Amino acid sequence: MHTIIRVLLLGSAVALASGCVTSKVDQMVFNEPTEGIGSATVVILGRRHASDYDTEPDFVECVGDHISSGDRSIEVIGELEFVNQFYPWFEPRTAPLQIADLERLMVRQPVVAEKLASMNTQYMIWIDGSTIDTDSSGSMTCAIGPGGGGCFGFGTWGSDANYEATIWDFRESAEVGRISTQASGQSYMPAVVIPIPIIAPVQGTACDGIGDQLLQFLSSEF
Amino acid sequence: MSDSTTSAPDCKPLLWLAVALLLGLLAGCGPATVVVDGDFPPPTMMKLPLTLGVWYDKDFTTHEFFDEATSRTESSWLVTTGQAQVEMWDSMLQGMFRRVVPMTGKPAPGQMNPSVDAVLIPEVAELQYAIPAHTNVKVYEIWIRYRFQLVTTGGNPIAEWTMPAYGKTPTAFLQSDQEAVNLAAVMALRDAGANFANSFARVPAVQAWLQQVLGDQQEASL
């Protein structure tokens with residue numbers, strides 16, 4: 001009997017340790033490679049041209065890791081490595097917004113086209129979006145004295161993640177897909193002596209959602 | 001007969017400790033200095049078939065900024081950008097022009113300098129910043145306005161123009177203040193390089209000069 005109670009308590013604790021997240025993924029893709037992408041490489045880049053937000057570098061890395069770990073045969077080029085290789089053409093100010101801009105750049109700077117060909121890059125995936133904290137409420141008081149310290153109170157806040165991935169196919173010279181994901185969740189921080197953060201993995205859920213759809217597009221195994 | 005010897009205790013270690021503590025305290029009183037250090041990759045672009053001279057004024061090579069509300073000595077922080085400016089511009093110009101030659105003196109009538117097609121003199125005309133105290137998040141923002149002069153070796157003006165650059169800390173997650181301000185400055189310098197590479201040949205006076213030295217055909221391909 002005690003074992004069952006312990007298991008139930010442990011299960012409840014694990015369930016509580018992460019807040020609830022709801023997510024939605026929409027996709028629209030064309031010319032999906034039926035045999036996977038073979039030996040071609042993929043680069044995933046974050047959009048940073050908006051004035052009020054930047055796509056987080058760690059989110060872009062998370063999506064890349066998700067794809068690489070889902071199908072080891074897909075080579076994903078790291079964002080920083082790619083941006084440095086092609087400096088200054090993929091900086092926030094100069095990054096092409098449409099595939100036609102990239103084609104114009106390759107005509108104007110043939111060295112860019114040569115380098116892209118040498119890297120055998122077939123797909124460029126642009127991720128645009130961010131995760132923001134929304135409403136927060138509650139209060140917490142912490143104190144410390146000679147006998148020890150502690151906190152008491154309760155805090156809660158919401159997070160919203162909105163991302164869109166746009167897929168460019170170099171061989172077809174066309175945009176071949178858009179995948180968007182929305183996730184939202186509520187995090188809690190009760191404190192009775194020790195604050196216990198119960199964080200909703202909003203960004204992680206968005207990363208998994210967009211990563212799964214991209215895997216379905218790029219991989220022959222999914 | 002008794003023989004007693006009294007020897008003074010060896011105070012040297014204590015003395016050194018006191019000196020070290022004093023030095024430590026004095027160092028703590030000085031401003032927190034950030035020497036900007038970043039990765040400035042060489043640009044991937046077609047080189048202009050020109051030999052460009054470059055002259056950095058002392059104000060440029062030792063450029064720094066500090067809290068505007070105080071004097072340099074009273075400021076609690078100091079950001080030194082001069083060395084990083086020179087590194088970035090050297091790397092950028094060497095990737096843009098067939099040959100880049102540092103000048104031995106500021107171009108002027110009678111000044112002996114190596115023979116070049118023109119001399120570029122960059123200058124930081126203005127710098128503004130936003131610090132977390134202004135923005136409430138650990139994100140620093142830096143705006144730089146550069147003034148460029150393109151002159152002959154004799155100091156005769158060919159073109160003069162200004163150019164903005166902007167950088168902000170890409171992510172506020174788990175970064176010290178020093179790392180955050182360094183990243184913002186590096187982003188601003190990378191943006192300056194990107195803007196220069198993109199806009200140099202579009203400056204009307206530079207365009208006219210390029211047409212003159214390269215002819216219509218070469219200038220049109222820029």
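Some points to look at:
- Cα-derived Rg to Rh of the stretch A:131-222, Kirkwood definition: 1.27
- When each full DSSP H helix of chain A is screened for a Cα extent of at least 18 Å along its own axis and an average Kyte-Doolittle hydropathy of at least 1.0, the helices passing are A:2-17.
- A:HIS49 long-range amide H proximity, modeled H, under 5 Å: none
- Taking every Cα-Cα distance in the protein assembly as shown and sorting them into 20 Å bins starting at zero, the pair-distance distribution P(r) comes out as 19, 42, 28, 9, 2, 0 percent.
- The label-point distance for A:SER139 and A:ASP71, in a model that sets each label 7 Å from Cα toward Cβ, rounds to 5.4 nm.
- In this simple spin-label model, placing a label point 7 Å from the Cα along the Cα-to-Cβ direction at both A:PHE30 and A:PHE222 gives a separation of 2.2 nm.
- Modelled spin labels at B:LYS58 and A:ASP160, positioned 7 Å past Cα toward Cβ, are 5.6 nm from each other.
- Entry for the stretch B:74-206 at q = 0.17 Å⁻¹: log10 I(q)/I(0) = -0.93, Debye formula applied to identical alpha-carbon scatterers, no solvent contribution.
- Qualifying lysines (Cα of each under 17 Å from Cα of A:LYS115; at least 8 residues distant if same chain): B:LYS47
- Relative contact order %, the stretch B:51-177, counting alpha carbon pairs below 8 Å whose residues are six or more apart: 23 percent
- Sequence-distant aspartates and glutamates (8 or more away, or on other chains) whose Cα lies within less than 13 Å of B:LYS58: B:GLU123
- Every helix of 4 or more DSSP H residues in the protein assembly as shown counts as -39500 (n - 2.57), and over all residues that averages to -11000 deg cm²/dmol at 222 nm.
- Contact order, relative form, for chain A: 30 percent (alpha carbon pairs under 8 Å, 6 or more residues apart, mean separation divided by residue count).
- Straight-line reach from B:LYS138: taking Cα to Cα under 25 Å and skipping same-chain neighbours fewer than 8 places apart, the lysines in range are B:LYS168.
- Charged-residue dipole, Cβ positions (Lys, Arg, Asp, Glu), chain A about Cα centre, Debye nearest 20: 480 debye
All of the numbers you see were taken from the coordinates with simple rules; none came from a lab. Everything quoted here is computed from the prediction, not taken from an experiment. Positions of Cβ are backbone-derived with ideal geometry, glycine not excepted, and every protein chain shown enters the neighbour counts.
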